[in-house]
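Data first, discussion second: the structure below is written as structure tokens.
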There are 2 protein chains.
Amino acid sequence: MKRIVPPTGIDRRTLLAALATAPALPQLLIPTTARAQGQGVPLASWNDGPAKQTIVDFVRATTQQQGSPGFVPPEERIATFDQDGTLWVEHPIYSQVVYCLDRVPAVVAQKPELKDVAPFKTVLSGNREEIAKLSLHDLEEILFATLTGMSVDEFEAEANKWLASAKHPRWNRLYTDLTYQPMREVLQYLRANGYKTYIVTGGGQDFVRVYSQRVYGIPPEQVVGTAAGTKYGYDKDGKPFLTKEPKLLLNDNDAGKPEGIHLMIGRRPYAAFGNSTGDREMLEYTGAGAGARLKVLLLHDDAAREYAYGPAQGLPDTRVGTFTQGLFDEAKAKGWTIISMKQDWKRVFAFE
Amino acid sequence: MKRIVPPTGIDRRTLLAALATAPALPQLLIPTTARAQGQGVPLASWNDGPAKQTIVDFVRATTQQQGSPGFVPPEERIATFDQDGTLWVEHPIYSQVVYCLDRVPAVVAQKPELKDVAPFKTVLSGNREEIAKLSLHDLEEILFATLTGMSVDEFEAEANKWLASAKHPRWNRLYTDLTYQPMREVLQYLRANGYKTYIVTGGGQDFVRVYSQRVYGIPPEQVVGTAAGTKYGYDKDGKPFLTKEPKLLLNDNDAGKPEGIHLMIGRRPYAAFGNSTGDREMLEYTGAGAGARLKVLLLHDDAAREYAYGPAQGLPDTRVGTFTQGLFDEAKAKGWTIISMKQDWKRVFAFE
């Protein structure tokens, strides 16, 4: 094991002293290196081991020696992260699906004709066993009914209200508290070394954008997700607004992830993190680029601290976050990095 | 007229001296303020007048006094620019359309069955009068045939080759030389004050991304344009690649501009620049936000140095860049800023 050193040799004190001469200097102008160093040792919640070492080696190889073969110019440093199951808890059910189920009563109040119609009737019954049996098609119908038809501003307000109160049943905490501390440290470490960090999620782009800045430090324009179209129009006072339409533009899962990356970013990532078959093509696409590329999968093998699932480890398969044997074999064959939550992480959540 | 001062009070020499202690410091870490100051006085190619003053006042109001009512936090500083006719010459015909016409022989060589079929036959004839008469539907057919069906890497290589050789007939210069120097200065000035500058163009997103970084300093991920889908697949060696598909995802004109801004950026701009009816909704949407918002239209009224067109000034209407009387009236009624190329710009091109 090599010792972990701060990412650049910059003299932080000298730099901060100079910056202090500009009293109203926007925070933007303070080099990210200085800010990250203030947050302590990089990857502090990681145990020493091959996963941590691979991440550190990649960052060094791509950022430390201009002119070296692996060096990546700052403007090309793109890192992409799946969200559900990679940055935060996805079990027992994606939080956005919980949001949509919770929104059903309000939608039915506005459209009473849905009250006795499946799948809305099932959701309103509150019968958990029946709700768990809803088909993918039923879920899609619920998603479209609860995520479209309102203005983007109304949607943002509703989502914010829900995020401020809804809690995960196991920890009795807000969903936004259930991010993985070690992954937050990876985001910070990459950004401190000039990487632009993106979320590339199968979840709804507009939903994740509501909290990505405050939860992950990732601005809305760096969130790529499953996206529906909007429609421009005017209210009665002639003020323009956008309405969310039930028209799918991008299904940001599987092959949709590299396609979405091309659409929204236009560059191939140098690093990609995922945890399921939905991330396979993103990692393949990342790995197909020249030079050093970091391809990482998170294996949920820690039932005590979080969950254990995925047939790759003989663990139960589930409806969310499938880490199949096929994905495991491809990862091994291609030398992708697999994080074991149980072995590689000192702690899982910041609140622990 | 107030005197124009550098955007912040930062002591540049002290700062640069400190930064010099870090030999391999990525360019990224050098505050944009220092870089912009090295490029001289902001807006040097602008004559004093209301257009320049409005831009300067807007930047001051939104960036200089944290806590003041107009102040915009750095992360929310988004400025969007139409490209054709706003950042570079669009007459007598959009450069991307020239590219597509130039590509027709290569497409026909691969698909000989198109040789005797309209509109390809017309293009191959080289008859300029007939080509000028092609309908919008004909043009769309040519665009799809020449912009889709190849891998994104092949397209990028072809576009780069063309951009390095094709010349505008009037100036006998590369199209990328025909950017407006005063608008380049606006881009720099906004960036020096913490604004993230975006192109929001009716032109092809992939086409503009090929040169946006080197020509405007705008990275590919900050180009929003008319976009078709791609399809993920594998070559015979199992290496993944993306193919450009003839499936329109976003028509980034008119109402498509605010819709595209929501899709790709997810924030309302604070400043928007355009020059035609295709930019109307982008400016309306920008203006509908709270606080100071800059809405600017460029009027082409300078036949001597560039072109004069647009019925708003009794100038001829054309197939490209229509500045109608209706747009002019809306701009006046809403207090939008109109740049007169003839009166407001000391020079038009950098090569002059």
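The values are calculated or read from the model by the stated rules, or taken from the named source; none is laboratory data. This one's a predicted model, so the numbers in the text were calculated from it and none came from an experiment. Virtual Cβ from ideal backbone geometry, glycine too; neighbours counted across all protein chains shown. Remember, those area values only see protein heavy atoms, side chains included, never the ligands or the DNA or RNA. Shrake-Rupley method; radii C 1.70, N 1.55, O 1.52, S 1.80 Å.
Each residue of region A:155-165 was assigned a 3J(HN,Hα) from its phi angle through the Karplus curve 6.51 cos²θ - 1.76 cosθ + 1.60 (θ = phi - 60°); the sequence is 4, 4, 5, 5, 5, 4, 4, 5, 4, 7, 10 Hz, with glycine and proline shown as x. Where in region B:62-92 does the label zone of B:Ala290 land, with the point 7 angstrom along Cα→C-beta and an amide N cut-off under 13 Å? Counting backbone N atoms under 13 Å from the label point, the list is B:69-73. Amide H contacts for A:Thr230 (H built 1.01 Å from N in the peptide plane; partners 5 or more residues away or on another chain; cut-off under 5 Å): A:Glu245.
For region A:159-291, what does the alpha-carbon gyration tensor say about shape, rounded, prolate or oblate, given a ≥ b ≥ c as the root eigenvalues, a/c under 1.5 as rounded, and a/b over b/c as prolate? Because a/c hits 1.5 or more and a/b fails to exceed b/c, region A:159-291 counts as oblate. Relative to the longest principal axis of the Cα atoms of chain A, the long axis of helix A:50-63 lies at roughly 70 degrees. Note on A:Tyr234 and A:Ala333: the extension gain reaches 30.2 nm, defined as 0.36 nm multiplied by sequence separation minus the Cα-Cα distance. Accessible surface area normalised per residue over region B:144-254 is 38 Å², counting heavy atoms of protein chains with a 1.4 Å rolling probe.
Does region B:76-156 come out rounded, prolate or oblate by the C-alpha gyration tensor, with a ≥ b ≥ c the root eigenvalues, rounded set by a/c under 1.5 and, if not, prolate when a/b is larger than b/c and oblate if not? Could you put the intermediate results ahead of the total?
Values: a/c = 2.82, a/b = 1.56, b/c = 1.81.
Judged from the Cα gyration tensor, region B:76-156 comes out oblate (a/c at least 1.5, b/c at or above a/b).
To the nearest whole number, what is the average tally of beta carbon atoms from other chains within 10 Å of the beta carbons of peptide A:68-79? Can you show the working numbers first?
On the way: counts 0, 0, 0, 2, 1, 3, 4, 8, 3, 2, 3, 0.
Mean shielding by partner chains, rounded to a whole number: 2.
Interface B-A: total buried accessible area of about 4600 Å², 1.4 Å probe, protein heavy atoms only.
DSSP bridge analysis restricted to chain B gives an antiparallel fraction near 40%, rounded to the nearest 5. Here the relative contact order of chain B, from alpha carbon pairs under 8 Å that lie six or more residues apart, stands at 20 percent. Specify the angular offset, from 0 to 90 degrees and rounded to the nearest 10, of the alpha carbon long axis of helix A:325-334 from the longest principal axis of the alpha carbons in chain A. Helix A:325-334 and the main axis of chain A meet at about 20 degrees.
Between 0 and 90 degrees, the angle of helix B:205-216 with respect to the longest Cα principal axis of chain B falls at about 40 degrees.
Near B:Ser165: Cβ cut-off under 14 Å, other residues only, Lys/Arg at +1 and Asp/Glu at -1. The net charge is +1.
Which value in deg cm²/dmol, rounded to the nearest 500, describes the helix-derived mean residue ellipticity at 222 nm for chain B, given -39,500 (n - 2.57) per DSSP H run of n ≥ 4 and division by the residue count?
On the way: 14 runs with 134 residues, N = 352.
About -11000 deg cm²/dmol.
For the set B:Lys115/B:Lys236; A:Lys121/A:Lys244; A:Lys244/A:Lys332; A:Lys231/B:Lys161; A:Lys295/B:Lys196, the pairs lying more than 32 angstrom apart at their alpha carbons are A:Lys244/A:Lys332; A:Lys231/B:Lys161.
What dipole magnitude, in Debye to the nearest 20, does the protein assembly as shown give about its Cα centre under +1 on Lys/Arg Cβ and -1 on Asp/Glu Cβ? Working shown, then result.
Values: 82 positive and 82 negative charges, 473 e Å.
The dipole magnitude comes to about 2280 debye.
Distances from A:Glu352 to itself in the other copies, using label points 7 Å out along the Cα-Cβ axis, amount to 6.5 nm in increasing order.
Take each peptide in A:86-93, A:123-130, B:246-253, count the other Cβ atoms within 10 Å of every residue, and average; sorted highest first, the result is A:86-93, B:246-253, A:123-130. Projecting the Cα atoms of A:Ala308, A:Phe351, A:Leu327 onto the charge dipole of region A:216-352 (Cβ charges, centred on the Cα centre) puts A:Phe351 farthest toward the positive pole. Mean partner shielding of peptide B:205-211, defined as the number of other chain Cβ atoms within 10 Å of each residue Cβ, is 2.
So in region A:195-352, what percent of DSSP beta bridges are antiparallel if you round to the nearest 5? Let's see the in-between values first.
Values: 8 of 20 bridges.
Taking every DSSP beta bridge within region A:195-352, about 40 percent pair in antiparallel fashion.
With a 10 Å radius around each residue's Cβ, average the other Cβ atoms per peptide and rank B:137-143, A:78-84, B:111-117, highest first. Each step should come with its number before you reach the end.
Values: B:137-143: 16.6, A:78-84: 26.0, B:111-117: 11.6.
Ranked by mean Cβ neighbours within 10 Å, highest first: A:78-84, B:137-143, B:111-117.
Looking at the protein assembly as shown, what % of its DSSP beta bridges pair antiparallel, to the nearest 5? Please list the in-between numbers first.
On the way: 28 of 68 bridges.
Around 40 percent of the beta bridges assigned by DSSP in the protein assembly as shown are antiparallel ones.
What separates the B:Ala333 label point from its copies, with the point 7 Å along Cα to Cβ, is 6.4 nm, written shortest first.
By per-residue mean of other Cβ atoms within 10 Å, what is the highest-first order of A:68-77, B:285-294, A:256-265? Walk me through the intermediate numbers first.
Working: A:68-77: 16.1, B:285-294: 18.2, A:256-265: 25.2.
Highest mean packing first, the order is A:256-265, B:285-294, A:68-77.
Segment A:Ala350..A:Lys111, full-extension length gain: 81.9 nm, with 0.36 nm per residue of separation and the alpha-carbon distance subtracted. With the label put 7 angstrom out from Cα along the Cα-to-Cβ vector, A:Pro69 ends up 6.2 nm from the copy partners, going from closest to farthest.
Normalising the average separation of contacting C-alpha pairs (under 8 angstrom, six or more residues apart) by the number of residues puts the relative contact order of region B:270-352 at 29 percent.
Less than 5 angstrom separates the built amide H of A:Leu298 from those of A:Gly274, A:Asn275, A:Ile339, all sequence-distant by 5 or more or on a different chain.
Let me know the shape class of region B:148-216, please: from the alpha-carbon gyration tensor, a ≥ b ≥ c as square roots of the eigenvalues, rounded when a/c is under 1.5, otherwise prolate if a/b is greater than b/c, or oblate. Oblate, because a/c is 1.5 or more while a/b does not exceed b/c.
Within 10 Å of the Cβ of each residue in B:255-262, the mean number of Cβ atoms contributed by other protein chains is 5.
Reducing region A:245-289 and region B:215-236 to their Cα centroids gives an inter-centroid distance of 13 Å.
Kirkwood Rh and Cα-based Rg: tell me the resulting Rg over Rh for region A:207-352, rounded to two decimals. Using only Cα positions, Rg/Rh for region A:207-352 is 1.05. Short-range pairs are left out: with C-alpha atoms under 8 Å and at least six residues apart, the relative contact order of region A:103-193 is 17 percent. A cut-off under 13 angstrom between Cβ atoms defines the neighbours of B:Phe155, and their net charge, with Lys, Arg +1 and Asp, Glu -1, is -2.
Backbone amide hydrogens, once placed in the peptide plane, bring A:Thr201 within less than 5 Å of A:Val224, A:Gly225, A:Thr226, excluding anything fewer than 5 places away on its chain.
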